[in-house]
1. At 0.36 nm per residue, and after removing the present C-alpha to C-alpha distance, how many nm does the segment from residue 80 to residue 202 gain when stretched out fully?
2. Straight distance only, please: which aspartates and glutamates reach the Cα of residue 33 with their own Cα at less than 17 Å, same-chain residues fewer than 8 apart left out?
3. Please compute the Kirkwood hydrodynamic radius of segment 108-186 from all pairs of different C-alpha atoms, in Å with one decimal.
4. Is there a pair in 181/290; 54/325; 2/80; 24/290; 54/80 whose C-alpha atoms are over 28 Å apart, and which pairs would that be?
5. Of 6, 74, 320, which is farthest along the charge dipole of the chain in the positive direction, counting Lys and Arg as +1 and Asp and Glu as -1 at C-beta?
6. Suppose R0 equals 22 Å; then what is the FRET efficiency for residue 299 and residue 118 from their Cβ-Cβ distance, rounded to the nearest 0.05?
7. Counting each DSSP H run of 4 or more residues in the chain as -39500 (n - 2.57), what helix-only mean residue ellipticity at 222 nm follows after dividing by all residues, to the nearest 500 deg cm²/dmol?
8. How large is ³J(HN,Hα), in whole Hz, for each residue of segment 50-56 in order, when computed from phi with the Karplus curve 6.51 cos²θ - 1.76 cosθ + 1.60 and θ = phi - 60°, using x for Gly and Pro?
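Quick note: the coordinates plus some simple rules give every number you see, no bench work behind them. Since the model is a prediction, treat every value here as computed from it, not as a measurement. Please note: Cβ atoms are built from the backbone with ideal geometry, for glycine as well, and neighbour counts cover all protein chains shown.
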Amino acid sequence: MKAAYINQTGPPEVILYGDLPDPKLKRRECLIKVGAVDVNPICVYVRSGGLAMKLAFPYILGRDVAGTVVETGPGVKGFKAGDRVWASNQGTDGRPGTFSEFVAVHERWLNPIPQGESDEEAVALSLVGITAQLGLVRNASLRAGETLFVNGGSGGVGACVVQMAKILGARVITTAGSDQKVEICRQLGADVALDYKSQDVDAAIRDSAPEGVHVWWETLREPNFERAISHLAMRGRMVVMAGREARPVFPVGPFYVKDCSLHGFAMFNATAREQRSAANAINRWVSEGKLKARIDRVLPLSQAAEAHRLQEDSTLNKSGVLAGKIVLKP
Ligand SMILES: NC(=O)c1ccc[n+]([C@@H]2O[C@H](COP(=O)([O-])OP(=O)(O)OC[C@H]3O[C@@H](n4cnc5c(N)ncnc54)[C@H](OP(=O)(O)O)[C@@H]3O)[C@@H](O)[C@H]2O)c1
């Protein structure tokens, strides 16, 4: 099968596209003909060597997949050939990555694709959707009527946080780096969308939420606790989920006197059961027409190196070249 893989870590040029052996199916695995995969920043950190992880070479890139089951192992109970499925959390803990024509996935990670949803849409809502759902519901316990602020509302995670927070009944304030992206945030449902490059975001947050925000979701890799905590309401919750190297100052006083709490998490630590529960919510919201994938562009899998270049430029170098997910098709 064709696959996008690496034999060493390094810049995007280390990504090779070529033939690798087809996967061998284990008892509880389904063989999936891949319809679409997507790029996540974590894939960029793994490929570059920035994230210390034991890799067996050739290492196939990719965390997420959407496609069709073509064969099932003898122990598979929940899926059959012909089922359309999506999964996240591959390419880690010994599981192969997804950037290939076929991938074998344990059924515990598989979810059905709702009627009418394309493989491209399903995959673009997988890792980022699970992240947003877990962070809002399991970690921050966002409630209807509360106000949420999310930095970067047109990004991969941000676009899911904006939509899900609205679905959960919250009021949403968000930011983006251009007029066009501010408009995208409004279309996603944000009540207040601000241009962080040209507007006074702090003043606007104070105006729109004089009592403070109940949940501050930080997608930036350099969280500014001074700033975020100053905006938190009584019993406010802050979600941090990016920036492994970040060591910002933490203002203990202003934090505890408001009974605030801090919620850090990495979606890949969530158990298969927790991820399935998040996936069920995602599928339900998609079926109800409330949640939509935010796809920036679709490229052939053979352009995996170019896709990594774009993602790295956008997320790490903050070029702002993307507004949502890059989807790749074998
Ligand atoms: N912990 C986890 O489980 C988990 C899961 C997924 C992702 N992550 C991490 O979360 C981070 C975001 O991931 P992603 O996929 O959403 O990346 P992304 O699609 O590149 O989004 C980054 C966002 O940051 C915004 N941004 C950049 N500079 C900003 C600034 N100064 N002020 C406000 N917003 C700014 C961008 O907005 P503009 O484009 O408008 O500039 C964009 O919306 C990454 O570091 C990733 O590794 C963690």
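1. My answer for the length gained is 38.7 nm.
2. Cross-link targets: 19, 22, 64, 71, 83, 101, 107, 117, 119, 120, 121.
3. 13.4 Å
4. 24/290; 54/80
5. 74
6. After rounding, the FRET efficiency stands at 0.90.
7. The per-residue figure over the chain is -7500 deg cm²/dmol.
8. So the Karplus estimates, Gly and Pro as x, are x, 10, 5, 8, 6, 10, 9 Hz.
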